[in-house]
Each structure stands twice: as C-alpha cells, then as structure tokens.
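Report on one structure; see the data block that follows.
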Amino acid sequence: MILNAEEYLQTIPMWTRKKNTVADVRAFLTELHLSCPNIIHVAGTNGKGSVCADLTAILMEAGYHTGTFISPHLINVRERFLLDGQMVPEKDFQDTFDQVMPVIQKMTEAGYCHPSYFEFCFLLAMKLFSDSRVDVCILETGLGGRLDATNAVSEPIACVITSISLDHTRYLGDTIAQIAGEKAGIIKAGVPVIYDDNCPEASVVIRARADELHAPAFAVSEETMPDLAAEAAFAAPYQRMNAALAVKTLEILALPYVDAQTCRRGLAKVHWRGRMEEVADGIWLDGAHNPGGVEAFIRTVKGQLADSGGFSIHLFFAAVSDKDYDEMIRMLCEELSPVHVTVAHIRSERSADQGQLAGLFRAGGCREVEQYAEVDQALRAALAKRGKSDRLYIIGSLYLIGEIMERLNHDRF
C-alpha cells in the first residue's frame, strides 16, 4: 500500500507520550546512511527561526546549496524542509518519505519506538538534505536542546544559542538557568558556540558548559553586534540581534565567499513570514507566543508609536493552553493599553479557552473585548472595528498566524 507522506504524518500525535532517546534517533540516522558534513545547529527560546533564515539567505548569496530544517510550520508541513530557502516540492517530499518509511518499519520491528511527529520530520529532513547533497545544513531545535531529536547530530561545525527566556517550563525547568542548561545541551566538544549575551543568568550557564567541553565561545550582545547587522533594515529591532548572531557565526566559520558585502546583500533579502510582518496597510502579524517574545513585540510597537506620532492599538489574540498567556496578557494590557481586543479559539486541541483569555484582558483594564469560537469570524469582527488610522496587531500563537495566512491565500483584507 502506498502511503501519502503528509497524511501519514498527521496520524502521528504532535506530543507523543513516549519518545526515542537522542541515542535512539542517532541509530535511525545511522541506518539511513546519511551524508551531511557541514551542519549549523541552532537553539534558543526566541529567534531560532529568524537566525536560520538569516544564515540561509547569506549562504545562498555566497553561492552555497543549503538545506534548512525549521519548526513549526504555518500552513503546510513541507514548510519545515527548505532547499535553498524554498519549501520542498511535493514529489521530492513524497519520494523521501518512501525511502525513510521502510527504515522506520525495520527499526520499530527491532524494538525502537515509532518516531514522534517531530522525530519523523527530522529524519525526513536529514535524508532529504543528504540526497540533495547540500553544502550546508542548518538545523533548528524543536524543544530545548539537550534531549531534542536534532541533538542526535554529533559533529556540527557551529552551535548557535539565541535569546533565552521562560517558555516550555513544564519540560525545560522554571528558571532561566535551568532552561539555559537545556539549550546549552547542544554544545559539542571543541565546536564553536555563538550565543546571545544579553541575559547574564543564561550566559553564565552557556559559558560554563562551553568551558567544560573546551568549545570556543563567542558572545554577541546589543553593544557588541557587528556593524552590518545593526545597519540591517528590519521592521522589528529584535531582528537585528538575530542577524548579528548569524553574521558572527559565519565570521567565525570563515567560509569561502562569505564577506561583509555578501552578508549585507543576504540580509537585505531575508523575509521571515509572520514575524512582525505587515500583511496589509496597518495590519501586522507577529508570532510572539511567550513572555519573552511579547516583550520584544511591545518594544517594537512602542518604537512604531514614537516614529509615527501615535495611533490606536487593536489586538487580535489567541494562545495555546500550555503557554504563559496570563503573563503575556498582563504585559500587553499594562504596556500598550489597547483600545479594542478580539480573542479567538484556534484550530488546535491545545487552544486556550477564548472566554478565559477575554476575562484576563478585561481584568487587565481593557474595556472593549470580544470573543469568538473560531478565527475567521473573529478576524471579520476585528477588521470591522478598526478605523483607518488604527493598527491591528495579530499575535499570541504561531497557530493563529498560520490560520490567518490561510485566509490570506484565499482572500485579501
């Protein structure tokens, strides 16, 4: 029986109770007989995907054939698998699945657990990149780092750790130090690690792990970022820090044909969907989905307010239940004082209850709050409420951003 790759993946629970160990995932990789020699491994709480996008764009500008594995996807699972910055074609994806599936069956018959959704995607990515003979492979961790499936890669050429804040505390720990320890789990002996140095509590942990493994450590902060990253014209200032990490990584690696001008040209071409993206006049999407992301979002909006002379803020918000949405909402209410808020239930069994979200916004002082059972209806209502000079910001979950983008594919605001 021929299995459809995308349909089969949907049968695997996103959050399986039993997962393979990193050593088990490495055994799957060995059985697949892969060849991906130049791997850049990226971990962190916020900014991982943006750093991957920056690295990809610069390397492509330098003429390298790249393979990039990211998560989550917004609409189609194939968005996780990028060849030279483009989503893998459906036929290539299916062909890769057809080659990987027999290995999965063989390994499970030998006693290994069936790969989780993310593990399966990672195996597909590595097989796809190996068969495509990419020059450089860029891997984004899924959750944490130490126990993440991507950490089965034992010999990367560089490890990058982006900003760290409280997220996934149920799995990674409830302090910055604990979470930093999980992220620092990707560091390998002797392999350079480039890290965001803006949080002292996280930096101490990262440096200690690097010292333990004799891994050269390179700190990047707002004060020390490369000039060309600071010059990059991004809608969100926090993207400059992500660009700085990418530039510093390539500076340390000293790859042929990658120079300052190549970096400038590459960064100018980066477009990372759903990250402070203006999709129509006065309508912005941002994937902020934890307090750290919301803090960066608030700084960006305040900058826009100062530059524009002022405007009224409308929010469209949804979240998943395992995020710290109480704190996110508190920050939004206190710092931005939105004149109108629309909340919705997203298409996920993990969606937070829209009534509960609405109640938190009201408790935070927002007078005009509306709640809806589905995103499409909520979006129509939010657009109807917005005046011509108002701005609507859609934030809280990448699942929400994905649903909005689906609407964009069929309609216009």
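The values are calculated or read from the model by the stated rules, or taken from the named source; none is laboratory data. Quantities reported herein were computed from a predicted structural model and do not represent experimental measurements. Backbone-built Cβ (ideal geometry, glycine too); neighbour counts: all protein chains shown. Each accessible area value is taken on the protein alone, full model and side chains, heavy atoms only, with ligands, DNA and RNA left out. Shrake-Rupley method; radii C 1.70, N 1.55, O 1.52, S 1.80 Å.
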Check: Restricting attention to the stretch 218-326, which GluC sites (Glu not before Pro) occupy a DSSP loop and are surrounded by at most 15 other Cβ atoms within 10 Å?
Finding: Glu222, Glu223
Notebook entry, point to check: lysines within cross-link reach of Lys188: Cα-Cα under 16 Å, excluding same-chain residues under 8 positions apart?
Noted result: none
Note to self: Exceeding 27 Å between C-alpha atoms, which entries from my cross-link table qualify? They are Lys18/Lys91; Lys248/Lys323; Lys269/Lys385; Lys48/Lys106; Lys19/Lys323.
What the structure shows: Lys18/Lys91; Lys248/Lys323; Lys269/Lys385; Lys48/Lys106
Next item on the list: Whenever you get a sec, compute what percent of the accessible area on the stretch 1-81 sits on carbon and sulfur atoms (1.4 Å probe).
Entry: 53
Notebook entry, point to check: Hey, what do the phi angles of the stretch 64-71 turn into as Karplus ³J(HN,Hα) couplings, whole Hz, using 6.51/-1.76/1.60 and θ = phi - 60°, x for Gly and Pro?
Noted result: 7, 8, 10, x, 10, 10, 10, 7
Notebook entry, point to check: Pairing the Cα long axis of helix 398-410 with the longest principal axis of the chain, what angle in degrees results, from 0 to 90 and rounded to the nearest 10?
Noted result: 80
Check: Mind listing the phi-derived Karplus ³J(HN,Hα) values for the stretch 266-273, rounded to whole Hz, using 6.51, -1.76 and 1.60 with θ = phi - 60°, and x for any glycine or proline?
Finding: x, 4, 5, 9, 5, 9, 10, 5
Check: Between the stretch 296-310 and the stretch 347-390, how many Å separate their Cα centres?
Finding: 22
Next item on the list: Please find, in a Gaussian network model of the chain (springs between Cα atoms separated by less than 10 Å), the residue of His289, His33, His65 whose mean-square fluctuation is greatest.
Entry: His33
Margin query: With log10 I(q)/I(0) by the Debye sum over Cα atoms at q = 0.10, 0.11, 0.13 Å⁻¹ as the read-out, I listed (i) -0.77, -0.88, -1.13; (ii) -0.83, -1.01, -1.37; (iii) -0.68, -0.83, -1.17; which label goes with the value calculated from this structure?
Written below: (iii)
Check: When you count, for each residue, the other Cβ atoms within 10 Å and take the mean per peptide, how do 312-323, 199-210, 94-105 rank with the highest first?
Finding: 312-323, 199-210, 94-105
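Quick one: pull the percent of accessible area on the stretch 226-349 belonging to carbon and sulfur, 1.4 Å probe, ligands and nucleic acids left out.
After summing per-atom areas, the C and S share lands at 47 percent.
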Check: For the chain, with every protein chain kept in place, what is the accessible area per residue (1.4 Å probe, Å²)?
Finding: 43
Next item on the list: Measure nothing but the geometry: give the 0 to 90° angle between the long axis through the Cα atoms of 48-61 and the longest principal axis through the Cα atoms of the chain, rounded to 10°.
Entry: 60
Note to self: Just to confirm the number: angle between the C-alpha axis of helix 354-363 and the first principal axis of the chain, 0 to 90 degrees, nearest 10?
What the structure shows: 60
Next item on the list: Just subtract the alpha-carbon distance of Met405 and His65 from 0.36 nm times their residue separation and send over the number in nm, one decimal.
Entry: 119.6 nm
Checklist line | Amide H contacts of Gln371 (H built 1.01 Å from N, under 5 Å, at least 5 apart or other chain) | finding: Val343
Note to self: With n ≥ 4 as the cut-off for DSSP H runs, can you work out [θ] at 222 nm for the chain, using -39500 (n - 2.57) per run divided by the number of residues, rounded to the nearest 500?
What the structure shows: -14000 deg cm²/dmol
Check: How would you classify the stretch 277-413 from its alpha-carbon gyration tensor, with a ≥ b ≥ c the square roots of the eigenvalues: rounded for a/c under 1.5, else prolate if a/b is greater than b/c, otherwise oblate?
Finding: rounded
